[in-house]
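Following: one structure in structure tokens, then a few remarks.
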Amino acid sequence: MLSTGHARGACPAAGYQAFDRQRSSSSLIDSVASHPNPPRMLLAHHSALLDDLREPTALDPWRVLVSGCLAGWPCGVDGSDYGLGVMLGELLALPTLRASPFCPEQHALGAPRTMPDIHGGDGFDVIAGRAKVFDEHGVDLTASMLEGARAMLAFAQEAGAELAILTDMSAACGSQVISDGCRLVEARRWQKGVGVATALLLDAGIPVVSQRDFRALALLRARIDPGYAPPKDARDHQDHPWTLEHLPGPHPRADGPTRKPSPKTMEAIVPAPVDSPRR
Ligand code: SF4
């Protein structure tokens, strides 16, 4: 179910203010930037993370941070939800899941806005000062993107988020694939990596899955929806033919837990599609 704690499209600043009183705005950034080995808790790459999620109930549902646009907020750069609002409807409507939407870019930059993209790395590199975020006009949006990321993490912590389902390809919410430089050019480039907000969430120990990780999302749903049969052909973004063709090689932020999933999770894991090429 969708949390009713905040009006649709609103920027829930209360959580951010509470967080800001506890920790200075720069201390978290410093901790991520200097972290020798930040955790990379990408659910699509580590099925064992599913075992770490507790059994939810209707009274004590999973608390899930969701990109605002996936919840139907008109918070995209063009002031729409990109048509994503209906994508996860069935999953987010389950009574044992409470979705809390937030949009880091809307929080910091408003909507509509210009298009932010990371130049010179991914979200972890932005936090470490090795990369920057510019819009299509060359305006430096790095500080605003960091502000939005901090606000999203503060909101997630205030909501007790145990998991995040975020929109891929975004310079803030991306987790599998993001643009490599400005996307509004003829010869657009992509890279495997995470957005700025995703980097902070991962470092804070909140696992992330994208709306394009259909296999991981099916496994999640199977955990809390007994009548649901995961589709056999579901695949995560890294196994999609487009990704395999355009971005071969491992995800640079996908190292992390190496233990195997429990037998129960193994049993539920959807077999990889037989026609899926292997790296
Ligand atoms: S992907 Fe993230 S930053 Fe972009 S519109 Fe959706 S919630 Fe906002």
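What follows draws every value from the coordinates through simple rules; no lab data is involved. All values reported here derive from a predicted model rather than from experimental measurement. Glycine also receives a Cβ, built like all others from the backbone with ideal geometry; neighbour counts cover every protein chain displayed.
Odds and ends about this structure:
- Take every pair of alpha-carbon atoms less than 8 Å apart whose residues are at least six positions apart; their mean separation over the length of the range 92-240 yields a relative contact order of 22 percent.
- Cα gyration tensor shape for the range 74-215, rounded if a/c is under 1.5, else prolate or oblate: prolate
- Inter-part distance where the range 180-218 and the range 136-155 are each reduced to a Cα centre, Å: 15
- Using the Cβ-Cβ distance between Trp242 and Ala143 with R0 set to 22 Å, the FRET efficiency from 1/(1 + (r/R0)^6) comes to roughly 0.10.
- For Leu141, the residues whose amide H sits under 5 Å from its own are Val133, Phe134, Asp135, ignoring neighbours fewer than 5 places away on the same chain, with H placed 1.01 Å from N.
- Across the range 191-208, rounded Karplus estimates of 3J(HN,Hα) from the backbone phi angles (6.51 cos²θ - 1.76 cosθ + 1.60, θ = phi - 60°) give 8, 7, x, 10, x, 5, 5, 4, 4, 5, 5, 4, 5, 7, x, 9, x, 10 Hz, Gly and Pro being marked x.
- Couplings 3J(HN,Hα) of the range 132-140, computed from phi: 9, 10, 10, 8, 5, 9, x, 6, 7 Hz, in residue order, whole Hz [Karplus 6.51 cos²θ - 1.76 cosθ + 1.60, θ = phi - 60°; x for Gly and Pro].
- Within the range 136-239, the GluC sites (Glu not before Pro) that combine a DSSP coil assignment with at most 10 other C-beta atoms in a 10 angstrom radius are Glu186.
- For Val177, the residues whose modelled amide H falls within less than 5 Å of its own, excluding neighbours fewer than 5 places apart on the same chain, are Met169, Gly193.
- The modelled label-to-label distance for the pair Glu55/Ala128, using points 7 Å beyond Cα in the direction of Cβ, is 4.2 nm.
- Cβ-Cβ distance of Glu136 and Met1, R₀ of 45 Å, FRET efficiency by 1/(1 + (r/R0)^6): the value works out to about 0.75.
- If the segment from Lys232 to Arg189 were pulled out straight at 0.36 nm per residue, it would be longer than the present Cα-Cα gap by 12.4 nm.
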